[in-house]
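Structure, as structure tokens:
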Amino acid sequence: MALPPLVEPSAPLSTLEIERYARHVLLPQVGMYGQRRLRNARVLVVGAGGLGSPALMYLAAAGVGTIGVADADLVELSNLQRQVVHGTGDVGRLKSASAAERLASVNPLVQVVRHDVLIDAGNALEIIADYDLVVDGTDNFQTRYLLNDACVLLGKPDVWGSIYRFDGQTSVWWARHGPCYRCVFPEPPPPGLVPSCAEGGVLGVLCAAIGSIQAAEAVKLIVGIGDPLVGRLMVHDALRQSWDVLTVLKNPDCAVCGESPTVTGLAGYQELCSPGLPAAGGMPGAEVPADAGAAVPGVSATELADLLSAQGSGPQVLVVDVRGPQERAIDGIPGSRAIHLDEFRSGTAVARIPFGRPVVIFCKVGARSAEAARILMDAGHPDVRSLSGGVLAWIRDIDPGQPGY
Ligand SMILES: [Zn+2]
């Protein structure tokens with residue numbers, strides 16, 4: 001489906017610009033006018049991470065005149081395996097600041113606008129309204145639905161990508177010409193069903209494959225060339241090195257872009273994506289346990305260290321690690337017992353845990369351990385707690401010699 005250019009051409013290019021962008025200008029489909037459209041374009045890249053890194057650098061090199069970088073996170077050492085817009089010296093800096101500096105060196109003619117904030121329901125419309133299109137480089141369902149809905153409400157294209165382990169997906173959601181994200185994925189998967197890259201890992205170079213397609217789609221939309229991925233979902237498997245293209249259709253009953261939309265503003269993304277949390281309003285089909293609101297008792301890393309060192313006459317605290325073997329190979333809490341979260345979910349874990357001992361459960365940051373603790377509590381265990389902040393809090397407060405991830 002060919003679409004007209006998204007952006008009007010700027011004033012004529014300077015001599016230096018013509019030389020810099022000569023390989024674009026030589027393309028009959030781009031030419032001088034296409035390059036002037038790129039110079040006039042305003043693209044917001046949400047997430048200066050794995051997907052955002054290649055997208056940002058290619059958009060800057062391509063001469064997209066204004067590039068917004070939205071990210072409130074800091075660069076971490078474990079980001080550098082794939083987030084190539086950042087360097088080793090950037091660890092600890094704001095990702096938006098680090099990315100802006102890198103883009104300025106790639107192409108000083110491009111204006112970079114930093115948004116050092118978490119994009120949320122309160123600011124999304126105002127921020128996105130200033131741009132021609134959005135490149136979604138986020139890693140969570142909450143922001144994905146938010147960006148989709150904001151783009152539908154504002155009539156803008158949402159160039160989306162998603163990666164996990166060796167698999168990638170990408171498409172252009174544009175309700176004006178085809179389906180939106182909700183048309184194809186009406187509801188997020190239940191929390192915990194799909195682990196994040198932070199838990200399950202991701203092949204670093206996969207980000208280049210998907211993020212560069214997103215940049216290419218952005219360029220095509222701006223210039224108005226080729227067939228954008230509107231109504232098509234690309235599915236990539238890096239292990240097989242296969243690319244499949246699925247046709248995806250607009251859903252007339254879509255909650256945001258359908259004939260009778262129920263989503264007419266931005267709200268409720270936490271409830272949508274974490275229906276087990278206390279604020280749960282309950283999406284259709286989302287199973288919310290009746291007592292999901294009751295808190296799982298927490299324990300801090302310092303309190304756990306005190307408990308472990310003070311053990312004398314009483315029953316020994318049993319520390320349970322619910323993470324996978326790859327995660328345990330990176331770090332852990334000495335003396336802990338490995339019982340995977342799946343064993344809690346299937347019900348086999350309960351028999352492996354003595355009811356006469358206090359139990360502290362941990363994972364990476366505390367979400368999976370809270371789920372496991374809840375299951376054990378529901379089975380009647382009298383003394384279960386979840387380590388607040390997970391093994392990362394333990395490393396930070398008690399054992400800083402271990403690697404985080
Ligand atoms: Zn839709």
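The values are calculated or read from the model by the stated rules, or taken from the named source; none is laboratory data. All values derive from a computational prediction rather than experimental measurement. Here the Cβ positions follow ideal geometry from the backbone for every residue, glycine too, while neighbour counts run over all protein chains shown. Calculation scope for accessible area: heavy atoms of the full protein, side chains included, ligands and nucleic acids excluded. Shrake-Rupley method; radii C 1.70, N 1.55, O 1.52, S 1.80 Å.
A few notes on this one:
- Matching entry among L125, L94, L154 (being touching a Leu at 6+ places or on another chain (Cβ under 9 Å), within 16 Å of the ligand (Cβ to nearest atom) and more than 30 Å from S14 (Cβ to Cβ)): L154
- One residue stands out among those in the range 306-332 that are touching a residue at least 12 places away in the same chain (Cβ under 8 Å) and in a loop (DSSP other than H, G, I, E, B): the one that is farthest from the chain's Cα centre (by Cα), which is P315.
- Here V360, V350 are screened, and the one residue that is at pLDDT below 95 and of a type outside the set (S, T, Y) is V350.
For every residue, the table says whether it meets (1) under 23 Å from P5 (Cα atoms); (2) in contact with a strand residue (DSSP E or B) (Cβ under 8 Å, 6 or more places away or on another chain); (3) modelled with pLDDT under 95.
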{"residue": "A41", "(1), (2), (3)": "yes, yes, no"}
{"residue": "V46", "(1), (2), (3)": "yes, yes, no"}
{"residue": "G50", "(1), (2), (3)": "no, yes, no"}
{"residue": "T66", "(1), (2), (3)": "yes, yes, no"}
{"residue": "L77", "(1), (2), (3)": "no, no, no"}
{"residue": "Q81", "(1), (2), (3)": "no, no, no"}
{"residue": "V85", "(1), (2), (3)": "no, no, no"}
{"residue": "S105", "(1), (2), (3)": "no, no, no"}
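- Check on R20, basic (K, R), surrounded by 11 or more Cβ atoms within 10 Å (Cβ to Cβ) and over 19 Å from A218 (Cα atoms): yes
- Unique residue being free of Cβ contacts under 8 Å to residues at least 24 places away in the same chain, surrounded by 18 or more Cβ atoms within 10 Å (Cβ to Cβ) and over 15 Å from A104 (Cα atoms) when the list is V91, V75: V75
- Near pairs, Cβ below 9 angstrom, 6+ apart or cross-chain, from the range 18-43 (among the polar types (S, T, N, Q)) to any residue that is at pLDDT 95 or above and open to solvent by 80 Å² or more (accessible area, probe 1.4 Å): N40/E8
- Any hit, the range 295-305, residues being within 27 Å of E271 (Cβ to Cβ), exposed (fewer than 14 other Cβ atoms within 10 Å of the Cβ) and without any contact (Cβ under 8 Å) to a residue 24 or more places away in the chain: yes
- Checking R102, R114 one by one, the residue that is basic (K, R), open to solvent by 70 Å² or more (accessible area, probe 1.4 Å) and part of a helix (DSSP H, G or I) is R102 and no other.
- Looking across the range 121-163, the residues that are modelled with pLDDT of 95 or more and of a type in the set (D, E, K, R) come down to E126, D130, D132, D136, R144, D149, K156, D158.
- For G122, the conditions (1) assigned to a helix (DSSP H, G or I); (2) open to solvent by 20 Å² or more (accessible area, probe 1.4 Å) all hold with the exception of (1).
- The range 137-223 holds helices (runs of 4 or more DSSP H) entirely within its bounds, and those carrying 2 or more residues that are crowded, with 24+ Cβ neighbours inside 10 Å map to 141-154, 181-184, 206-223.
Residues are listed down the side, and each one gets a yes or a no for (1) away from the ligand (no atom under 16 Å from the Cβ); (2) touching a Leu at 6+ places or on another chain (Cβ under 9 Å); (3) of a type in the set (D, E, K, R):
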residue	(1), (2), (3)
H177	no, yes, no
C183	no, yes, no
P186	no, no, no
P191	yes, yes, no
V194	yes, no, no
A198	yes, no, no
G211	yes, yes, no
Q241	yes, no, no
P252	no, no, no
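- Scanning the range 270-290 for residues that are within 16 Å of the ligand (Cβ to nearest atom) and open to solvent by less than 60 Å² (accessible area, probe 1.4 Å), we see that the one that is modelled with the lowest pLDDT is M283.
- The set of residues in the range 224-261 that are part of a strand (DSSP E or B) and among the charged types (D, E, K, R) comprises R232, D237, D244.
- Set T247, T264: member being open to solvent by 70 Å² or more (accessible area, probe 1.4 Å), of a type outside the set (G, A, S), within 16 Å of the ligand (Cβ to nearest atom) and out of contact with any Gly (no Cβ under 9 Å at 6 or more places or on another chain): T264
- Residues of the range 224-239 that are within 16 Å of the ligand (Cβ to nearest atom) and open to solvent by 20 Å² or more (accessible area, probe 1.4 Å): R232 alone.
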